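Taking it in order: structure first as structure tokens, then the write-up.
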Amino acid sequence: MSTASSLQRYATIEELQNKEYDLLVIGGGITGCGIALDAISRGLSVALVEMQDFAAGTSSRSTKLVHGGLRYLKQFEFKEVAELGKERAVVYENGPHVTTPVWMLLPFHKGGTFGKLSTNVGLRTYDFLAGVKRSERRSMLSAAETQAKEPLVKTEDLRGGGVYVEYRTDDARLTIEVAKAAIQRGAVLNNYTKAVNFTYNDAKRITGIIAEDLIGNKRFTIRAKKVVNAAGPWVDDVRSIEGKQAGKHLILSKGVHIVFDESKFPLHQAVYFDTPDGRMVFAIPRNGKTYVGTTDTFYEGDPRDMDIKQEDRDYIMKAIHYMFPTVQVTDADIESSWAGVRPLIHEDGKNPSEISRKDEVWESKSGLVTIAGGKLTGYRKMAETVLNTIAKELKAEFGIDSKPCSTKHIHVSGGDIGGSQNLEAFVARRTEKGMELGLSAAEASHLAHHYGANVDMVFSYAQKRHETIPQGLYAQLLYGIHHEMVVHPNDFLIRRTANMFFNIADVKAHKDAILDEMTSLLNWSVEQRECFTADLTKEITRATTAL
């Protein structure tokens, strides 16, 4: 039986070996998890392996927006804007606890990238293409209204602004909620499990993989009729298992974000603004913090070993001081930061910002289906595209019937709260319940927003107490281990809670106690404890220090 408990990890590995699956997915980012959910909902048997943790690559290090692709209007990618704009509403309704509508301010200045006419036309076109509902359609502001909306915006040569709705998300939590939804329907997923080779039949068609459990250091075979490569930045690495690959290949674009406490950068309105070099940057308030990004530069190397350079910080700092001249932040005010890569399909002669974010699917002679490119917002449609192809092949080659795609109406785990319109009432009721257990109103409300319909299970762990770990954080840790496949402290502190980025003081205060508790619950060896501690220390340093 499929499970999301780390305590049942080796039972999951046994299950992966015990049958031939209709589909095996390599990659546990948002694309791979979306494919798993789509496939299992069509009635196919599904397995998924991820060599790191779920969302450890691009899917935890984005700008954390499920957005409609306004920037693509500049590149005349109207179809992309239409699809992404409509899809973000689906993502929101299927998981309203992890996706929140926020009004975005787009100020325009004399001599800037945007003017009144271009902003008005652009946002009006965006509303039309994206099918934006009436209550979220754009409006235009005068210079005085723009300044009143966000007083920190540069007033010199300010001509006005436009406001429109974007959807803020927790990208890593969206990914794990999609993964859990797939597991709840019967898919078998495992993290820290690497595809190291393919298996083949006599016709040299892929029949599965040789996988390595990177925690237990053992190899085993997973059999499957079809294999999908959805490894994000590592797509080409997976393809190279079969030897040198010709044709399409990825190019990686590095994006950096930096985080301030609101006391240092008291932004109250999300802002999308142009920089001196013509690029666009976001500044977004979130839970008492303000984060700003992103850079967009080519990156070569393994994204797992990517550091933030001083020039990355300098670029964002210059952008902040350009648009928010009264905000006198320095490097010393940066609380945390993160860097990630966008896996783009290479286009000759284009810089990172010019390369299309469109997804593409192709298949090798041996039958390996690869999907690359794309955006967080479009994960469900990307999965649908892949599964439509695979369903036809399964029918033609094996006589296997499957249902049509139904994920447009499937809630992610925690998303079934009675619709987005019921979110605040749901949170209010659960906040009262949490307070009855001894949590503060702020803690209980945060947990309800964070876990949605799963918060009752989190609250069941809140009845347990730890000597030094705060009640709410301890409940999250226990829930993460038992229900969200938390194997490594970084899984919990970066991807299940986002504390590494938005509450790093808590990370530093409680990391030792968390390590002790995980050592006990997961029965780590001395060597594992030392390795995991070193990995956590490295990530804390990486988040707080530029090289």
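The values are calculated or read from the model by the stated rules, or taken from the named source; none is laboratory data. Because the structure is a prediction, the values reported are computed rather than measured. Cβ atoms come from the backbone with ideal geometry, glycine included; neighbour counts cover every protein chain shown. We work out accessible area using only protein heavy atoms, side chains counted, and drop any ligands, DNA or RNA first. Shrake-Rupley method; radii C 1.70, N 1.55, O 1.52, S 1.80 Å.
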Query raised in the report: When Rg is the radius of gyration of the Cα atoms in the chain and Rh is its Kirkwood radius, what does Rg/Rh come to?
Result: 0.95
Requested in this report: Provide the packing ranking of 324-333, 385-394, 533-542, 43-52, i.e. peptides ordered by the mean count of other C-beta atoms within 10 Å per residue, highest first.
Outcome: 43-52, 385-394, 533-542, 324-333
**Report entry** Helical contribution to [θ] at 222 nm, DSSP H n ≥ 4, -39,500 (n - 2.57), averaged over the chain, rounded to 500
**Finding:** -11500 deg cm²/dmol
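Students sometimes get this wrong: rank ASP314, ASP202, ASP401, ASP170 by accessible area, probe 1.4 Å, all chains present, largest first.
Working: ASP314 80, ASP202 160, ASP401 105, ASP170 20 Å².
Highest to lowest solvent-accessible surface, that is ASP202, ASP401, ASP314, ASP170.
Report the full-extension gain for the segment GLN245 to GLU15: residue separation times 0.36 nm, less the Cα-Cα distance, to one decimal in nm.
Details: separation 230, 0.36 × 230 = 82.80 nm, distance 3.22 nm.
Between GLN245 and GLU15, full extension yields 79.6 nm more.
Could you work out the local net charge near GLN421, counting Lys and Arg as +1, Asp and Glu as -1, over the other residues with Cβ closer than 14 Å to its Cβ?
Working: positive: LYS133; negative: GLU93, GLU136, ASP416, GLU424.
Within the 14 Å Cβ shell, the charges total -3.
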Query raised in the report: In nm, to one decimal, how far is the THR221 label point from the ASP305 one, both placed 7 Å along Cα→Cβ?
Result: 3.3 nm
Report summary line: Highest mean packing first, using Cβ neighbours within 10 angstrom, the peptides 512-519, 254-261 sort as 254-261, 512-519
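Carbon-plus-sulfur fraction of the accessible area of the chain, 1.4 Å probe, in percent? The partial results should precede the final answer.
Working: 11020 of 21810 Å².
Summing carbon and sulfur atoms, their accessible area is 51 percent of the total for the chain.
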Query raised in the report: Once all Cα-Cα distances of the stretch 420-544 are split into 5 Å bins that start at 0, what whole-number percent is in each one?
Result: 2, 11, 21, 22, 20, 12, 7, 4, 1, 0
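In percent, how large is the relative contact order of the stretch 155-269, given Cα pairs closer than 8 Å and 6 or more residues apart? All intermediate terms of the calculation are to be shown ahead of the outcome.
Numbers: 84 pairs, mean separation 15.5, N = 115.
Result for the stretch 155-269 is 13 percent.
Using Cα-Cα distances under 8 Å and only pairs 6 or more residues apart, what relative contact order does the chain have, in percent? Each step should come with its number before you reach the end.
Working: 1081 pairs, mean separation 110.0, N = 547.
Averaging sequence separation for qualifying contacts and normalising by length gives 20 percent for the chain.
Can you check how the C-alpha radius of gyration of the stretch 388-488 compares to 2.2 N^0.38 Å, as a plain ratio?
So the stretch 388-488 has a normalised radius of gyration of 1.50.
Relative contact order for the stretch 420-544: what is it in percent, counting Cα pairs under 8 Å that are at least 6 residues apart?
Values: 93 pairs, mean separation 19.3, N = 125.
Computed over the stretch 420-544, the figure is 15 percent.
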Report summary line: Once the in-chain neighbours fewer than 8 apart are removed, the aspartates and glutamates whose Cα is under 16 Å from LYS244 read ASP236, GLU363
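Apply 1/(1 + (r/R0)^6) to the Cβ-Cβ distance of LYS403 and THR326, taking R0 = 60 Å, and write down the FRET efficiency to the nearest 0.05.
Working: r = 57 Å, r/R0 = 0.94.
After rounding to 0.05, the efficiency reads 0.60.
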